[in-house]
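No lab work stands behind these numbers, since they all come straight from the coordinates. Remember, predicted model here, so these are calculated numbers, not experimental data. Virtual Cβ from ideal backbone geometry, glycine too; neighbours counted across all protein chains shown.
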Amino acid sequence: MTDVTRPATGSPSSSPPRTLPVVSNETSQSLCQSCALCCDGTLFGKVPLELAELPPLRELAFDIMEVLEQAHFPQPCAKLVESRCSVYAARPKNCRG
Ligand code: SF4
């Protein structure tokens with residue numbers, strides 16, 4: 001992990017700069033597959049989906065909801081198993097960011 005000094009937003013100009021950790025891709029990947037906050041409903045209520053990705057997700061039995069040509073599935077995600085994504089390699093585009 002590398003530390004990078006960045007100005008804290010909204011802090012008085014006389015405050016010392018705050019040091020924030022920068023997480024490596026490897027650490028980020030590990031966190032992505034273990035904390036579950038993006039998948040258990042803590043941070044998001046649903047995951048928006050592109051219409052083109054619906055067929056393969058239907059094959060994986062995602063609980064897809066479509067309203068006025070917009071699709072999503074609700075959180076907590078049914079594919080979350082013991083704090084890990086059970087379909088990680090095939091997860092939707094919005095789960096990859
Ligand atoms: S598909 Fe995987 S990564 Fe996406 S919300 Fe569900 S458990 Fe999380």
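For the pair Ser83 and Cys35, how long in nm is the line joining their label points, each one 7 Å along Cα→Cβ?
Taking the two extended label points, one gets 1.2 nm.
For Phe62, Phe44, what's the fewest-to-most ordering of other Cβ within 10 Å of each Cβ? If you can, show how the numbers build up before the last one.
Numbers: Phe62 23, Phe44 18.
With the fewest neighbours first, Phe62, Phe44 line up as Phe44, Phe62.
Counting Lys and Arg as +1 and Asp and Glu as -1, what is the net charge of the other residues whose Cβ lies under 15 Å from the Cβ of His72? Please list the in-between numbers first.
Values: positive: Lys46, Arg58, Lys79, Arg91, Lys93; negative: Glu50, Glu53, Asp63, Glu66, Glu69.
Surrounding charge for His72 is 0.
Grab the other residues whose beta carbon is less than 11 angstrom from that of Phe62, score K and R as +1, D and E as -1, and report the net. Spell out each step's value before the answer.
Values: positive: Arg58, Lys79, Arg91; negative: Glu53, Glu59, Asp63.
Net charge around Phe62: 0.
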